[in-house]
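A.B. asks: Encoded as structure tokens, here's the structure I'll be asking about.
What follows draws every value from the coordinates through simple rules; no lab data is involved. Treat the numbers as computed from the prediction; the structure is a model and nothing was measured. Methodologically, a virtual Cβ is constructed for each residue, glycine included, from the backbone with ideal geometry; neighbour enumeration extends over all protein chains shown.
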Amino acid sequence: MLAWLKASPLGPYLAALRVVAVVAVLGAVFGAGWTANGWRYEAKIGEQKAKAARLLKEKTDEVIALRDEREANTARANAAALEKQKEIEDAHDRNADLGNRLGAALECLRVGGRWAGDRCAVPAAGTPAGQCVSLQAEVDQLSGLVGRLAAAGNELARDADREAAVAASAHAWAVRMGFGAE
């Protein structure tokens, strides 16, 4: 078979053409394999990118949900703190109002005692019927009671203020640490 190729005047050209054809076929096969591998790797990279994007979206949604929950908890805690502060202020107002009304009532009793000339005598609570105490002494006793009540009310108000301050401090720490407030 090679004998006629060597005898032919086109023999060296045909041999070179055959080598070129073999190289071209090998190149085409190699190129097709290279291209197929490239497509396969591009598909894998695309799948990985899609998976990473999906995971990133899920994590972003989780972070947003946690942030929204923390903000809602903070808003609830702030509303509760404001309501507690309003209750404390209302208690202060009621205490001041009660003190003013008791003071006015005591002043009326003092004026009444002065008007009566401190001559009226009333039996003191828990004393035998024969012993009497003047109206001024009763007013003084009531004044002492009102003073003790006012002091106790002020102490309760201070305790409530301290409790509110501690709660606000604990809430601020929890928010700063990222725990939110429940």
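A.B. asks: Could you tell me the calculated FRET efficiency between Glu163 and Leu98, based on Cβ-Cβ distance and R0 = 22 angstrom, to the nearest 0.05?
C.D. replies: About 0.55, to the nearest 0.05.
A.B. asks: Now for a separate question. If Lys and Arg each add +1 and Asp and Glu each add -1, what is the summed charge of the other residues whose beta carbon sits under 13 Å from the beta carbon of Thr60?
C.D. replies: Working: positive: Arg54, Lys57, Lys59, Arg67; negative: Glu58, Asp61, Glu62, Asp68.
With Lys, Arg at +1 and Asp, Glu at -1, the neighbours total 0.
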